[in-house]
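Down below is the structure, laid out as structure tokens.
The values are calculated or read from the model by the stated rules, or taken from the named source; none is laboratory data. The model shown is predicted, which means the values in this text are computed figures rather than measured ones. Positions of Cβ are generated from backbone atoms using ideal geometry, with glycine treated the same way; all protein chains shown enter the neighbour counts. Please note that ligands, DNA and RNA were not included when accessible areas were found on the heavy atoms of the full protein model with its side chains. Shrake-Rupley method; radii C 1.70, N 1.55, O 1.52, S 1.80 Å.
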Amino acid sequence: MPAVQPLESPTDPKDVLRHVFGYDSFRGRQAEIVDHVVSGGDALVLMPTGGGKSLCYQVPSLVRAGTGIIVSPLIALMHDQVQALRQLGVKAAALNSALGPGEARQVERAFAMGELDLLYVAPERLLTDSFLTLMQGARIALFAIDEAHCVSQWGHDFRPEYRQLTLLHERFPSVPRIALTATADGPTRREIVERLGLENGRVFLSSFDRPNIRYRIAPKANPKAQLRAFLEEHEDEAGIIYCMSRAKVEQTAQALVDEGRLALPYHAGLDAETRARHQDRFLKEEGVVMVATIAFGMGIDKPDVRFVVHLDLPKSIEAYYQETGRAGRDGLPSEAMLLYGVEDVAKLIQFVEASDAPDARKRVERQKLDALLGLCETASCRRQVLLSYFEETLPEPCGNCDTCLEPVKTFDGTQVVQKLLSCVYRTEQRFGAGHVIDVLLGVSTERVSKLSHDQLSTFGIGTDLSRDEWRAVVRQVVALGLLKVDVEGHGGLSLSDECRPVLRGERAVQLKVEKRVRPARASGGARSAKPVLGSPDDEQLYQKLRALRLELARAQSVPPYVIFHDATLMEIVRVRPRSLAALGDVSGVGEAKLERYGPVFLEAVRAG
Ligand code: ADP
Ligand code: ZN
């Protein structure tokens, strides 16, 4: 008889949630999803990052007999989740290329013997004949297909192996399948259903709102000063700063180090060993700032990333949302700041046009850029614009974004825009913002003289605005679609058809009054986006508990957050439990952790 252990654990999902995970209640649609999968149904789960997707398959895997098989394309994520589950006393393992053949055999054996609650598998491994045979002889609780948007050819994470996952349904028709993704747009959603054969499953669509993230979008004026002011508000906190180029990543990281911050660079030009080391430090140490290209972030589920900064425009709203979504998975207040300039837009347009993608694809990419620019230039609530992009309506302005906190004033900019448009026209629609603004301001640069642009009727007609103000006008006019940023050239501006009614005076244009760039801190008494504790005493105890956590984490070489989340430590500070039982009631303290860490944390609370 193989040593198949009878399930000792309770089989009610709520009990599993409480005893194993230490949480009081399911969030959002988790309970519905868990019930559906526990009773054998297929599901497609669409939830934003940090929404709590993992529990949707982890709990059913524990409740149903057999092993939950989790298909995940990201080795780093598998590793993290397995570590976190083991801390909870769950029997979890991963099979992927990072394992030596001996280790892999051990995992396979444990699986065959029914000793695992959850097994994370890379898709290419799952699809091998030998693994399929192995599964045929095992008891499987469910298949979870994480990052399910990888089936989509249009998506940025396309994985051909994902296409073959329909095979699971054919070979194991009675095993429920749950596909999960944080990529929400309609076409991707439909493609997942079709490709993974989920037509008979239920779709669980959650709100994509991330209310704890404060959005802040500002034109680049003095990016270094803007970044410094922002970081002053985030001392000792972990965060990610995205830059478009490797060179800028290196420069920015160095500048931060020079200012005394713990900052590390990460980009595809660094060797694999350095990248792995930096990533590891980001996860395992506290308060590390990762300065990175978009090569960083996929599969990082560190819950206490307190901020995400974009020093350059991301590629699309989806990319922006995914990248900013890495902040605040633990639900505590977090901040996302984006700085952008019209040059960024020109650069991105050139990327799109220079690629050898088919025209239809390029058109889609251009539309995505336009939408992004619309978000940057909007005078209304950022969150409303973001969510409407994902076909979701937020009825009221959010109160937690820059435009809500510091409402934007607008003015009738029709004349200003007319001046700009005619200047672009007179200079023959070939020049970028810099030169056009020179002409408007009446600056006789060498180029202006050489081209005799000082002879034009529009030379010097714009001296009532400053250069920065003109830049703001150009950005807004581009965002409104009145000016196009030219393609082959170097950001040359040209008129679009839509500008005719404006030139003829038939259409008025409202422009935003540019906010003067100032440190985020001075933002009119808006409450800080930082998580808060009550008193200095509380703060002291909190720091003490963090130090204890870090020590325990170091000893096991795991990230501190797999021991307890910040939110859990904060609650311990608030409650100041006097007994193990009281500590066990704190959200995030399950039975295994109570047993392992309860006594030392109680002692720390007692002492002080
Ligand atoms: P996703 O995979 O959707 O990005 P996760 O599964 O990593 O999100 O969950 C995000 C965070 O929220 C995790 O740290 C998790 O422990 C926590 N969490 C999820 N569900 C609950 C719940 N019901 N109660 C308390 N915390 C939860
Ligand atoms: Zn808002």
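For the chain, a simple Cβ point-charge model (Lys and Arg +1, Asp and Glu -1, everything else neutral) yields a dipole of about 460 debye relative to the Cα centre. Measuring with a 1.4 angstrom probe and ignoring ligands and nucleic acids, Ile461 comes out at about 50 Å² accessible. Using R₀ = 41 Å, calculate the FRET efficiency as 1/(1 + (r/R₀)^6) where r is the Cβ-Cβ separation of Val532 and Gln106; round to 0.05. E(calc), rounded to 0.05, equals 0.30. Of all aspartates and glutamates in the structure, the ones whose alpha carbon falls short of 14 Å from that of Lys248, not counting any fewer than 8 places away in one chain, are Asp312, Asp344. About the centre of its Cα atoms, segment 536-607 shows a dipole size close to 140 debye [charges on the beta carbon of Lys, Arg (+1) and Asp, Glu (-1) only; nearest 20 debye]. Calculated mean residue ellipticity, 222 nm, the chain: -13000 deg cm²/dmol, from DSSP H runs (n ≥ 4) at -39500 (n - 2.57) each, averaged per residue and rounded to 500.
Asp537 contributes an accessible area of around 100 Å² to the protein surface, as traced by a 1.4 Å probe with all chains present.
The heavy atoms of Met244 present about 60 square angstrom of accessible area, all protein chains included, probe 1.4 Å.
Averaged over residues, the count of other Cβ atoms within 10 Å places the peptides 24-36, 310-322, 75-87 in the sequence 310-322, 75-87, 24-36, highest first. As a quick test, which of the pairs Lys302/Lys362; Lys302/Lys593; Lys544/Lys593; Lys224/Lys368 have an alpha carbon distance above 26 angstrom in this structure? Over 26 Å apart, Cα to Cα: Lys302/Lys362; Lys224/Lys368. For segment 244-314, the set of GluC sites (Glu not before Pro) satisfying both a DSSP loop assignment and a count of at most 13 other C-beta atoms within 10 Å is given as Glu259. What translational diffusion coefficient, to the nearest whole µm²/s, does segment 213-394 have by Stokes-Einstein, given a Kirkwood radius computed over alpha-carbon pairs, a temperature of 20 °C and 1.002 mPa s viscosity? The Stokes-Einstein estimate is 126 µm²/s. Solvent-accessible surface of segment 410-512, averaged per residue with a 1.4 angstrom probe and all protein chains in place: 50 square angstrom.
Normalising the average separation of contacting C-alpha pairs (under 8 angstrom, six or more residues apart) by the number of residues puts the relative contact order of the chain at 14 percent. Shape class for segment 13-205, computed from the alpha carbon gyration tensor (a ≥ b ≥ c): rounded, with a/c under 1.5. Starting from the Cα of Arg277, step 7 Å along the direction of its Cβ; do the same at Ser466; then give the gap between the two resulting points in nm. About 4.5 nm separates the two model spin labels.
Only Lys, Arg, Asp and Glu carry charge here, each on its Cβ (+1 for the first two, -1 for the last two); on that basis segment 13-205 has a dipole of about 280 debye about its Cα centre. Projected over every direction and averaged, the convex hull enclosing the alpha-carbon atoms of segment 348-417 yields 6.7 nm². Only protein atoms count toward the accessible area here, which uses a 1.4 Å probe; on the chain, the carbon and sulfur part of that area reaches 50 percent. For segment 410-512, what is the relative contact order in percent, using Cα pairs closer than 8 Å and at least 6 residues apart in sequence? That works out to 40 percent. Say a paramagnetic label sat at a point 7 Å from the Cα of Glu498, along Cα to Cβ; which residues of segment 456-482 have their backbone N under 11 Å from it? Residues passing the 11 Å test: 477-482. With viscosity 1.306 mPa s and temperature 10 °C, the Kirkwood radius over alpha carbon pairs of segment 536-607 converts through Stokes-Einstein to a diffusion coefficient of 133 µm²/s. Sorting Lys220, Lys484, Lys53 by solvent-accessible area of protein heavy atoms yields Lys484, Lys220, Lys53, largest first, with a 1.4 Å probe. The simple Förster model, with R0 at 41 Å and r as the Cβ-Cβ distance, assigns Asp157 and Asp454 a FRET efficiency of 0.20. Compute the label zone of Lys224 within segment 234-265: residues whose backbone N is under 13 Å from the point 7 Å along Cα-to-Cβ. Backbone N within reach: 251-259. Here's the picture: charge each Lys and Arg Cβ at +1 and each Asp and Glu Cβ at -1 in the chain, and of Ser97, Gly481, Val308 the one pushed furthest to the positive end of that dipole is Gly481.
Remark: spin-label model distance Glu551-Val257 equals 3.0 nm, labels positioned 7 Å along the Cα→Cβ axis. For segment 13-205, the relative contact order works out to 30 percent when only alpha carbon pairs closer than 8 Å and six or more residues apart are counted.
One decimal place: the segment Val203-Glu406 gains 69.3 nm when fully extended, by the rule 0.36 nm per residue minus the C-alpha distance. Comparing Leu85, Tyr23, Thr410 along the charge dipole axis of the chain, the residue lying farthest to the positive side is Thr410, per the Cβ-charge model. Just name one of Pro60, Leu118, Val34: the one whose Cα is farthest towards the positive end of the charge dipole of segment 1-122 (beta-carbon charges, Lys/Arg +1, Asp/Glu -1). In segment 1-122, that residue is Leu118.
If you look at the Cα atoms of the chain, you get an Rg and a Dmax of 27.0, 96 Å.
Rounded to 0.05, the FRET efficiency of the Ala371 and Leu134 pair, given R0 = 35 Å and the Cβ-Cβ distance, is 0.15.
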